[in-house]
Amino acid sequence: VYKRQGYKADIALIDLNGIKTPTSIHNPHRYSEGVSYLLINGETVIDGGEWTGALPGEIIKLKK
């Protein structure tokens, strides 16, 4: 386990019995259900199952 100051961390609290993925080919932009809390880079993104509007993540590009 790495514990160093300045490292970024993501934490998810998920109800495995309640997880649902309501997406379909006709409606691909629906969020999964059952995610209670989600922290990305230490900032709360989902709080009590509701999106906070925060977008603290970053796009990771693959090197070719």
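The values are calculated or read from the model by the stated rules, or taken from the named source; none is laboratory data. In this text, all values refer to a predicted model and were calculated from it rather than measured experimentally. We place every Cβ from the backbone using ideal geometry, glycine too, and count neighbours over all the protein chains shown. Just so you know, the surface numbers come from the protein's heavy atoms only, side chains and all, with ligands and any DNA or RNA stripped out. Shrake-Rupley method; radii C 1.70, N 1.55, O 1.52, S 1.80 Å.
See the values below:
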{"item": "Filter result (among the charged types (D, E, K, R), within 25 Å of Ile60 (Cα to Cα) and at pLDDT below 90) within the stretch 11-43", "result": "Arg30, Glu33"}
{"item": "Residue count for the stretch 44-64, restricted to those that are at pLDDT below 90 and surrounded by 11 or more Cβ atoms within 10 Å (Cβ to Cβ)", "result": "1"}
{"item": "Selection from the stretch 14-56 of residues that are over 13 Å from the mean Cα position of the chain (by Cα) and among the acidic types (Asp, Glu)", "result": "Asp15"}
{"item": "Tabulated pairs, the stretch 4-31, first in contact (Cβ under 8 Å) with a residue 24 or more places away in the chain, second polar (S, T, N, Q) and outside any loop (DSSP other than H, G, I, E, B), C-beta under 9 angstrom, 6+ apart or interchain", "result": "Ala12/Ser36; Leu13/Ser36"}
{"item": "Cβ-Cβ under 8 Å pairs, at least 6 apart or on other chains, the stretch 42-64 side at positive phi, far side open to solvent by 90 Å² or more (accessible area, probe 1.4 Å)", "result": "Gly42/Lys8; Gly48/Tyr37"}
{"item": "Residue check for Tyr37: open to solvent by 70 Å² or more (accessible area, probe 1.4 Å) and either of a type in the set (A, V, I, L, M) or assigned to a loop (DSSP other than H, G, I, E, B) (or both)", "result": "no"}
{"item": "Filtered residues of the stretch 15-33 (kept if open to solvent by less than 80 Å² (accessible area, probe 1.4 Å) and out of contact with any Lys or Arg (no Cβ under 6 Å at 6 or more places or on another chain))", "result": "Asp15, Gly18, Ile19, Ser24, Asn27, Pro28, Ser32"}
{"item": "Candidates Thr23, Thr44, filtered to the one that is of a type in the set (Val, Ile, Thr) and outside any loop (DSSP other than H, G, I, E, B)", "result": "Thr44"}
